[in-house]
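Here the structure is laid out as structure tokens; the discussion comes afterwards.
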Amino acid sequence: MASNLRPAPYYENYAYRSENVAPPRFTSDYNVYLPHAPPYYPSSVPHYVPRVSTQQSVPVPAVQAKSSAKCTPRTKKALCLLLSIAMLLIGAGICVFLIWYFVTDSCSGSEIQCGTTRVCVTPSQWCDRKQDCPNGEDETRCVRLYGPENLLEVYSSENKDWYSICYDDWNDKYGETACEDLGYNSNTYFNSKAIPVTTGSANILRINTSAGDIDLYKKLYNSNWCPSQQVVTLRCIRCGTSNRPMSPRNRIVGGSDALLGEWPWQVSLHFRGTHFCGGSIITPEWIVTAAHCVEGTRSHPFYWTVYAGILRQSEMIPSKGFRVARIISHPNYDLTSKNNDVALMKLQSPLSFNEFIGPVCLPNAGMMFETDQRCWISGWGAKYQGGNTSKELNAAVVPLINSSICNGRYIYNGIVLPTMICAGYLQGKVDSCQGDSGGPLVTMKSLLWWLVGDTSWGTGCATQFKPGVYGNITVFIEWIYRNMQANR
Ligand code: 4AZ
């Protein structure tokens, strides 16, 4: 859509809008052709072959038969020609109107368009805590967490930028509100902390404590003065803690048995009673997996059972499983290219977190995972290409591979899209495999484990020059939060 969508909040990691689609130039488009077109004078003699044969073969209704009885073949042909021209003109008119309706902007100047509708709001209505768009687009994506320190940021519609919040006068109640706005339930709220304002972070909002009992966001105002010189960091859930020290052994293909509590976010997803895919716990009710795991007939929640905190497949019995209430596949998942290979599963009843079951952290906006960053994959997938799924949970270390290398001519030759991330070794030997799909690719940063990817595809398993390809979770955070929010 047009450039007037620009003031909406966005995440650095995700380019999601196309801009500057030029509206069609209706009248001028015609002007281009009309001067060159020969003038149209209805000829008294049609100069094309009359379509007599079809007219004769179609049974003619009584009324028509009556009127045509009075007509000469010449007037009939002229009528037919006029009718065809009228139909063509009406059809062209409808097409032009439809193109105009869907391509042009309905919003003027500084106004912002509400999603794909033709409703417009002013910049001050965006993120003002009042729903002005029919589908509430103006009030989504107004809070975000930024970077590995979980810096809380609020979008200012006035200044069209993200702002940190001064820690002075902040409390946990505000923290819970912000977490709920992201899509978490208030019962998972973990903590708010203060971190020093870094040099250059001039964007700070303060809380107006004398504003009375109004919405947190309405209490915020721009200020150059933050007495504590500290800003708010927020953890909406206690995530990313493994209950085993990271073991040095390289323990899938080329991995080794995992320990209980080592990958507490790892779940086994059973379809009709057998392990089919992996998944990652992100909240007590939500699991991240791959869209290709829940494709077609597998999209119905009834056939799935989720097992958490169990290492051995033989111990996964229905009484220990969790039923699935809802499955949400990414709407832009593409079966052929595996673009947007991510899905969410909502459980019928929440998991109870303990030493062996717990969530992994969703990456934040602005978190860039570097090439060669050490990541871990885990799952019950095959230990070699074409093998059976494993009886025990396995895990292995795989470094991230730069997308431009992974897209190299002798590797994946351009089919790795921005929604994907490669990890593994070009020499092969260690990799995810069939049955690991949907499962986690995680990394440790700032003492926490983050979900970098979901196992998606690869040519074979542990093949030379064919590393594993994972869904790039950083690109999906906004979609994940929006769906958690909308499906509480
Ligand atoms: C699969 O079929 C699959 N080597 C998963 C991961 C990889 C290949 C295949 C990556 O589920």
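Coordinate-derived values only; no laboratory data. Because the structure is predicted, anything quoted here is derived from the model rather than measured. Glycine also receives a Cβ, built like all others from the backbone with ideal geometry; neighbour counts cover every protein chain displayed.
Karplus-based coupling profile of segment 315-329, in residue order and whole Hz: 8, 8, 10, x, 5, 9, x, 10, 7, 9, 8, 8, 10, 10, 8, with θ = phi - 60° in 6.51 cos²θ - 1.76 cosθ + 1.60 and x standing for Gly or Pro. The HN-Hα couplings worked out from phi for segment 458-472 by the Karplus form 6.51 cos²θ - 1.76 cosθ + 1.60 (θ = phi - 60°) are x, 8, x, 10, 6, 7, 4, 6, 10, x, x, 10, 10, x, 7 Hz, whole numbers, x standing for Gly and Pro. The fraction of all Cα pairs in segment 348-484 landing in successive 5 Å bins from 0 to the largest distance is 2, 10, 19, 23, 20, 14, 8, 3, 1, 0, given as whole percents.
Report the FRET efficiency, 1/(1 + (r/R0)^6), for residue 208 and residue 488, where r is their Cβ-Cβ distance and R0 is 41 Å, rounded to 0.05. Once the sixth-power term is evaluated, E becomes 0.90. Relative protection proxy for 303-310, 351-358, 423-430, from highest mean packing down: 303-310, 423-430, 351-358 (other beta-carbon atoms within 10 angstrom).
Cross-link pairs exceeding 26 Å between alpha carbons, from the set 130/173; 320/445; 219/445: 320/445; 219/445.
Rounded to the nearest whole Hz, the Karplus-based 3J(HN,Hα) values (6.51 cos²θ - 1.76 cosθ + 1.60, θ = phi - 60°) of segment 337-346 follow the sequence 7, 6, 5, 6, 7, 9, 8, 10, 10, 9, with x at glycine and proline. Given R₀ = 25 Å, FRET efficiency for residue 229-residue 160 by Cβ-Cβ distance, to 0.05? Efficiency at R0 = 25 Å is approximately 0.50.
Rounded to 0.05, the FRET efficiency of the residue 446 and residue 190 pair, given R0 = 25 Å and the Cβ-Cβ distance, is 0.95.
Placing a label point 7 Å from the Cα of residue 198 along the Cα-to-Cβ direction, the residues of segment 155-180 whose backbone N falls under 17 Å of that point are 162-167. Spacing of the modelled spin labels on residue 465 and residue 122, each 7 Å from Cα toward Cβ, amounts to 6.1 nm.
Candidate cross-link partners of residue 383 among the aspartates and glutamates, defined by an alpha-carbon separation under 19 Å and a same-chain spacing of 8 or more, comprise 257, 392, 431, 436, 454.
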